[in-house]
């Protein structure tokens, strides 16, 4: 990664005003952030597969009785 803290990266997208936005990150930092975001999304999807697939959604499904 670059040590140049003054680098800014432009992101071109028609959904933002003037079609571009600048972030105070280098291109390498933006790409790393994108990789991390993709990994997080994949991890979340795998968690959803495990915990939302025929599992009891109650927080106390393991409980043998009422909590007093």
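Contour minus end-to-end for residue 39 and residue 12, with contour as 0.36 nm per residue of separation and end-to-end as the Cα-Cα distance?
Residue separation times 0.36 nm, minus the Cα-Cα distance, leaves 7.4 nm.
In whole percent, what relative contact order does the range 9-51 give with Cα contacts below 8 Å and a gap of six or more residues?
27
What order, most packed first, do the peptides 21-32, 37-48 have when packing is the mean number of other Cβ atoms within 10 Å of each residue?
My ranking of the peptides, most packed first, is 21-32, 37-48.
A short reminder: the numbers here are calculations on the coordinates, not readings from a lab. Keep in mind that this is a model prediction, so the values were computed, not measured. For neighbour counting, all protein chains shown are included, and Cβ atoms are generated from backbone atoms with ideal geometry for every residue, glycine included.
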